[in-house]
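The values are calculated or read from the model by the stated rules, or taken from the named source; none is laboratory data. What you see is a predicted model; the values in this text were computed from it and never measured. Because the Cβ atoms are built from the backbone with ideal geometry, glycine has one as well, and the counts that use them run over all protein chains shown. For the accessible areas, the whole protein counts, side chains as well, though only heavy atoms, and no ligand, DNA or RNA atoms are used. Shrake-Rupley method; radii C 1.70, N 1.55, O 1.52, S 1.80 Å.
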Amino acid sequence: MAELTEQQIELISTYIKQNGVAQDTLHDDLLDHVCTSVEHLLDEGLSFDDAFAKTIKLFGPGGLKQVQQQTFELLTEMNETMKKVAFSFGLTSAILLLAGTIFKLMHWPGAGIMIVLGGAMLTLGYLPMLLVHKLKESVPGDRFMLVSGYLGMTMTAIGVLFKFMHWPGALASLISGLALLGFVYIPIFFVKRYKSAANKALTLSTSLVAFTCLVLVFALISVSNSSDHERGSVMINLQLDQSSENLATANVVLYDRLRNDESAELIRSSAAEAFDYLEAAKLHLIAEAHEISVDQAKNITAINLRDKSNLGTPLHILWQPEPNQEHSMEQILGRLSAFRSNMLNTLLLESKQDIAPFVPFQWIDNGTNAMNWAKEHFYRVQLSVVLAQLTHLQLEIQNAESRALIYLISRSAASDPPSGS
């Protein structure tokens, strides 16, 4: 196959430019097309001049200018269509996110679906189309800035979405996105604007305000609660744990007084089952919050709890459980109800009304009261407080255990009075 010389290729390129083709991409495509056609005609025996003239005639009466005009019209139509589609995605995602946020604050159903759909349309639809449009209109030197801005906005949007839905990885995505915006996109953007701005002082002040806003957002993310509040929750947890250990030691002494007592063994079994279940629930919450195993969670105390203000993990585990999840709020209430029933049945079958005040969780006998109590103490409550509440329930179980054992000891003493009385 015949090949064109460099001089012939340059001649064709000059002709294309002189005939009104200004767009570089179109020029390169036309140059490749014309050169290929000329080479085929050369193989058929035509001279270069005849082959070139015959090839140019193939473009019709309007020649290369008509090709460029038609290309511009097609690109303009495509750009207009893309703008309309991008606008539709942006508007729809904004409406869904706004409505989902309102529904989330009001605890209305459907909030999660709207937020997920809005976030998906924003990150998978609007932002990519916006990036493509901006890259087409930008000069090569601006592409790094635009890509960094796109990545920053996308990661920030994903982080906010995950934060709303209480999914793991929200904080990492949010901080990464804000870091890209704050330390890459915004500095480059304002440096370029500063160099070309007529009022440089105004541009500089605007950049400082934008950077300050990002710093404040970082601060709000990292400090969700005051240190005094966190220290208070840690102290409460430690004191409750210490009280639980003291009660466990005291109950050992009481069980020694009731050796071989069948009722005491039933109480020990029922109390241990309820206590261990709540302990497992606490470890499960810590493991999910730290993204570690349950065995590793045993080494995490209230002091080194990573995110004491975590709302998402308790909400997901206790109130939005997955199928067959072991530690939902309903199951916790069911275990407490079973413990109360076992205690009443074990202590005194014929006189439940007399012993009922000494067994905790009276409110659990009424399903509505039980759910209201649960919502008040566990719904949208921080992780450190949820752990303290569960420890408090364990203390209630141990207290009931102590009172039951004392009751059995006193009943045994009354049935077997000292000699001579």
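Looking at Leu204, Leu171, Leu135, Leu130, which one is over 17 Å from the mean Cα position of the chain (by Cα), modelled with pLDDT under 85 and open to solvent by 70 Å² or more (accessible area, probe 1.4 Å)?
Numbers: Leu171 fails: over 17 Å from the mean Cα position of the chain (by Cα); Leu135 fails: open to solvent by 70 Å² or more (accessible area, probe 1.4 Å); Leu130 fails: open to solvent by 70 Å² or more (accessible area, probe 1.4 Å).
Being over 17 Å from the mean Cα position of the chain (by Cα), modelled with pLDDT under 85 and open to solvent by 70 Å² or more (accessible area, probe 1.4 Å) holds for just one of Leu204, Leu171, Leu135, Leu130, which is Leu204.
Taking the range 330-358, which residues are open to solvent by less than 40 Å² (accessible area, probe 1.4 Å), at pLDDT 90 or above and aliphatic (A, V, I, L, M)?
Ile332, Leu333, Leu336, listed by residue number.
Tell me, which residue of the range 16-35 that is assigned to a helix (DSSP H, G or I), open to solvent by 50 Å² or more (accessible area, probe 1.4 Å) and not charged (D, E, K, R) is modelled with the lowest pLDDT?
So in the range 16-35, the residues assigned to a helix (DSSP H, G or I) come out as 16-18, 24-35.
When the remaining residues are screened for being open to solvent by 50 Å² or more (accessible area, probe 1.4 Å), the result is 17-18, 24-25, 28-29, 32-33.
So of that shortlist, the ones also not charged (D, E, K, R) come out as 18, 25, 33.
Working: Gln18: 69, Thr25: 66, His33: 73.
Among them, the one singled out is Thr25.
List, please: which pairs have Cβ atoms under 9 Å, are six or more places apart or on different chains, and start with a residue in the range 241-267 that is under 30 Å from Ser384 (Cα atoms) and end with one that is at pLDDT 90 or above and open to solvent by 90 Å² or more (accessible area, probe 1.4 Å)?
If the second residue must be at pLDDT 90 or above and open to solvent by 90 Å² or more (accessible area, probe 1.4 Å), the pairs left are Asn251/Arg268.
All but one of (1) in contact with an Asp or Glu (Cβ under 8 Å, 6 or more places away or on another chain); (2) at pLDDT below 75; (3) assigned to a helix (DSSP H, G or I) hold for Leu41; state the number of the condition that does not hold.
Unmet condition: (2).
Across the range 266-291, which residue is surrounded by the fewest Cβ atoms within 10 Å (Cβ to Cβ) among those that are among the hydroxyl-bearing types (Ser, Thr, Tyr) and under 20 Å from Leu405 (Cβ atoms)?
Per the criteria, the residue is Ser269.
Have a look at Phe144, Phe189, Phe183, Phe164 and point out the one that is open to solvent by 40 Å² or more (accessible area, probe 1.4 Å) and in contact with a Lys or Arg (Cβ under 9 Å, 6 or more places away or on another chain). Outline the logic, then answer.
Working: Phe144 fails: in contact with a Lys or Arg (Cβ under 9 Å, 6 or more places away or on another chain); Phe189 fails: in contact with a Lys or Arg (Cβ under 9 Å, 6 or more places away or on another chain); Phe183 fails: in contact with a Lys or Arg (Cβ under 9 Å, 6 or more places away or on another chain).
Selected residue: Phe164, the only one of Phe144, Phe189, Phe183, Phe164 that is open to solvent by 40 Å² or more (accessible area, probe 1.4 Å) and in contact with a Lys or Arg (Cβ under 9 Å, 6 or more places away or on another chain).
State the number of residues belonging to the range 266-296 that are under 22 Å from Ile409 (Cα atoms) and not β-branched (Val, Ile, Thr).
Of the residues in the range 266-296, 6 are under 22 Å from Ile409 (Cα atoms) and not β-branched (Val, Ile, Thr).
Between a first residue in the range 324-335 that is under 16 Å from Thr313 (Cα atoms) and a second residue that is assigned to a loop (DSSP other than H, G, I, E, B), which pairs have beta carbons less than 7 Å apart while being 6 or more apart in sequence or on different chains?
Ser328/Pro321
Residues of the range 360-395 being open to solvent by 20 Å² or more (accessible area, probe 1.4 Å) and not in a helix (DSSP H, G or I), which ones?
Asn366, Tyr379, Arg380, Val381, Gln382 - these are the residues of the range 360-395 that are open to solvent by 20 Å² or more (accessible area, probe 1.4 Å) and not in a helix (DSSP H, G or I).
Quick check, is Glu326 part of a helix (DSSP H, G or I), over 20 Å from Pro360 (Cβ atoms) and open to solvent by 70 Å² or more (accessible area, probe 1.4 Å)?
Criteria not met by Glu326.
Filter the range 241-265 down to the residues that are open to solvent by 80 Å² or more (accessible area, probe 1.4 Å), under 44 Å from the mean Cα position of the chain (by Cα) and of a type outside the set (Ser, Thr, Tyr), then identify the one that is farthest from Leu408 (Cα to Cα).
Of everything passing the filter in the range 241-265, Gln242 is farthest from Leu408 (Cα to Cα).
Please give the number of the condition Leu344 fails out of (1) part of a helix (DSSP H, G or I); (2) under 17 Å from Gln394 (Cα atoms).
(2)
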